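The values are calculated or read from the model by the stated rules, or taken from the named source; none is laboratory data. All figures in this text were calculated on a predicted structure; none of them were measured in a lab. Note: ideal-geometry Cβ built from the backbone for every residue, glycine included; neighbour counts use all protein chains shown. The accessibility values were calculated without ligands, DNA or RNA, using every heavy atom of the protein model including side chains. Shrake-Rupley method; radii C 1.70, N 1.55, O 1.52, S 1.80 Å.
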Amino acid sequence: ARALLESHGYEARWEDWIFDIELDGEPGPPRLPDGYAIREFVRERDDRATYGVIKTAFAEWPDPEVEGTFEDWAGETFERPSFQPEHIGTVAHGEAIVGVAAMVREEASLWVAQLAVDRAHRGRGLARALLVHSFATAWRAGLRNVGLATDSRTGARGLYEHVGMRVTRTFWEYEKAL
């Protein structure tokens, strides 16, 4: 299929991956650098700051993935019927939220729908800590599978593989100039 698309003038833009991990035990506590803490998500206190971290981080990509308003995002996250406060993991530095993992329960698994860390706080293991936190959230809910989707624009594939996730599906995004 790829050869057919390319022979008709389509060019590969990026590669998409679906990752998952089967949990065989309860994960240990996430490790964070001094001055950072994973704290409980509180809707009125944290909702707009959480959205701000996600929107800003995802806007750094070519063809940003977060479109719409805060209200659109809220409807897809904490206004879902199955939402629980533990479905949003936040990393705080002082009072500021600097990292977010937004999760969705889907049947027998937990899906990390969005994972974002503020640019000024990257490279400190915060995303890894949020993933471990997500795994523990799944475990406590009786779920043994955690999945997520990402693509080659993020540069995060190594992170997901490092925490034990594996690629289960691959897709390619193509485009053709008209």
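Only residues that are among the hydroxyl-bearing types (Ser, Thr, Tyr) and in contact with a strand residue (DSSP E or B) (Cβ under 6 Å, 6 or more places away or on another chain) were counted in the stretch 1-43, giving 2. Within the stretch 8-53, the set of residues being in contact with a helix residue (DSSP H, G or I) (Cβ under 7 Å, 6 or more places away or on another chain) and under 21 Å from residue 173 (Cα atoms) comprises 17, 19. Of the listed requirements (1) open to solvent by less than 70 Å² (accessible area, probe 1.4 Å); (2) within 25 Å of residue 16 (Cα to Cα), residue 121 misses just one: (2). Return yes or no: is residue 5 surrounded by 13 or more Cβ atoms within 10 Å (Cβ to Cβ), in contact with a helix residue (DSSP H, G or I) (Cβ under 7 Å, 6 or more places away or on another chain) and in contact (Cβ under 8 Å) with a residue 40 or more places away in the chain? Spelling it out, it is not the case that residue 5 is surrounded by 13 or more Cβ atoms within 10 Å (Cβ to Cβ), in contact with a helix residue (DSSP H, G or I) (Cβ under 7 Å, 6 or more places away or on another chain) and in contact (Cβ under 8 Å) with a residue 40 or more places away in the chain. Right, residue 110: open to solvent by less than 30 Å² (accessible area, probe 1.4 Å) and outside any strand (DSSP E or B) or not? Here the answer is no, as residue 110 does not meet what is asked. Answer yes if at least one residue in the stretch 114-129 is farther than 22 Å from residue 57 by Cα, in a strand (DSSP E or B) and out of contact with any Pro (no Cβ under 9 Å at 6 or more places or on another chain), and no otherwise. So far as the stretch 114-129 goes, no, none of its residues is farther than 22 Å from residue 57 by Cα, in a strand (DSSP E or B) and out of contact with any Pro (no Cβ under 9 Å at 6 or more places or on another chain). Of all residues in the stretch 130-158, those being open to solvent by 50 Å² or more (accessible area, probe 1.4 Å), over 30 Å from residue 7 (Cβ atoms) and not in a loop (DSSP other than H, G, I, E, B) number 2.
Those strands (runs of 3 or more DSSP E) of the stretch 11-95 in which 1 or more residues are farther than 23 Å from residue 105 by Cα and of a type in the set (Lys, Arg) occupy 11-22. No other residue among 38, 88, 21 is under 15 Å from residue 133 (Cα atoms), in contact with a Phe, Trp or Tyr (Cβ under 6 Å, 6 or more places away or on another chain) and surrounded by 15 or more Cβ atoms within 10 Å (Cβ to Cβ) apart from 88.
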